[in-house]
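The values are calculated or read from the model by the stated rules, or taken from the named source; none is laboratory data. Predicted model only: the values in this text are computed from it and were never measured. Because the Cβ atoms are built from the backbone with ideal geometry, glycine has one as well, and the counts that use them run over all protein chains shown. Just so you know, the surface numbers come from the protein's heavy atoms only, side chains and all, with ligands and any DNA or RNA stripped out. Shrake-Rupley method; radii C 1.70, N 1.55, O 1.52, S 1.80 Å.
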Amino acid sequence: EAFDTGVLAETQGWDHAILVGVVKSLAAHQMVELEEAKHSKWALTDEAKLNVQQGKMPETIVYEAVKPEGISLAALKAQVGKAADIGFKQAMQKKWIAVDKSGGEPLVKKIASDVEDAVLPMLKAVELQEQLPPMDLDGLKKRKLVVLESWTTFRLTKGPEFALEKKKKATDLTFEM
């Protein structure tokens, strides 16, 4: 019968690092045998978690803040706050908005009649550990919205010296000792 240290630590409520230390000690005495298993998963960054919590990406927030007649860049940044810089760049890249510099002060105007936030559903899929196409993951990585988390667990089986209690081996004593 084999056990995975990750599953065992989780079900028992133990710290995995401490369990691995104990298991490696037992393996040194050949009481158990270990087989290493590497795991990885995509996880949301703090920024992405905040976006999911808000239910909107910064570019959508910026797009919605732009009035039909337009809004000055300074007013937009004041109204939107933190989302302004990232959201403005992304909305410009997606050609949702444009900047009209003909009237002196830059005026931000909508150029897309309707927008769809395709990034938010991808973040929700990552949060639920669903598979995404590599191209989508690359886009999320470039925006620093996801990171690859890696960890190692061990598959544990009985070793040749298996026992329920750890016993000290008898040592040979000689007169010289």
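Note on region 89-111: among residues that are open to solvent by less than 40 Å² (accessible area, probe 1.4 Å) and under 22 Å from ASN51 (Cα atoms), the one that is nearest to the chain's Cα centre (by Cα) is GLN90. Select from region 1-36 the residues that are more than 26 Å from the chain's Cα centre (by Cα) and polar (S, T, N, Q) and write down the one among them that is nearest to LYS158 (Cα to Cα). Only one residue tops the list, namely GLN30.
Give the number of residues within region 147-163 that are farther than 19 Å from THR45 by Cα and in a strand (DSSP E or B).
We begin by selecting, within region 147-163, every residue farther than 19 Å from THR45 by Cα; these are 152-163.
Then drop every residue that is not in a strand (DSSP E or B), which leaves 152-158.
Adding up the residues that qualify gives 7.
Taking GLN79 as the residue in question, decide whether it is of a type in the set (S, T, N, Q), open to solvent by 100 Å² or more (accessible area, probe 1.4 Å), in a helix (DSSP H, G or I) and closer than 29 Å to GLU149 by Cα. Steps first, answer last, please.
On the way: of a type in the set (S, T, N, Q): yes; open to solvent by 100 Å² or more (accessible area, probe 1.4 Å): yes; in a helix (DSSP H, G or I): yes; closer than 29 Å to GLU149 by Cα: no.
Spelling it out, it is not the case that GLN79 is of a type in the set (S, T, N, Q), open to solvent by 100 Å² or more (accessible area, probe 1.4 Å), in a helix (DSSP H, G or I) and closer than 29 Å to GLU149 by Cα.
Quick one: in region 37-55, of everything that is assigned to a strand (DSSP E or B) and open to solvent by less than 100 Å² (accessible area, probe 1.4 Å), which residue is nearest to PHE154 (Cα to Cα)? Break it down stepwise before answering.
Taking region 37-55 as the starting set, the residues that turn out to be assigned to a strand (DSSP E or B) are 37-44.
Subset that is open to solvent by less than 100 Å² (accessible area, probe 1.4 Å): 37, 39-44.
Details: ALA37: 6, HIS39: 11, SER40: 14, LYS41: 17, TRP42: 21, ALA43: 22, LEU44: 26 Å.
Among them, the one singled out is ALA37.
Across region 147-177, the qualifying residues are those that are under 30 Å from LEU50 (Cβ atoms) and hydrophobic (A, V, I, L, M, F, W, C), and the one among them that is least open to solvent (accessible area, probe 1.4 Å) is VAL147.
Of everything in region 126-146 that's aliphatic (A, V, I, L, M) and either assigned to a helix (DSSP H, G or I) or open to solvent by 50 Å² or more (accessible area, probe 1.4 Å) (or both), which residue is farthest from LEU44 (Cα to Cα)? Top of the filtered list is MET135.
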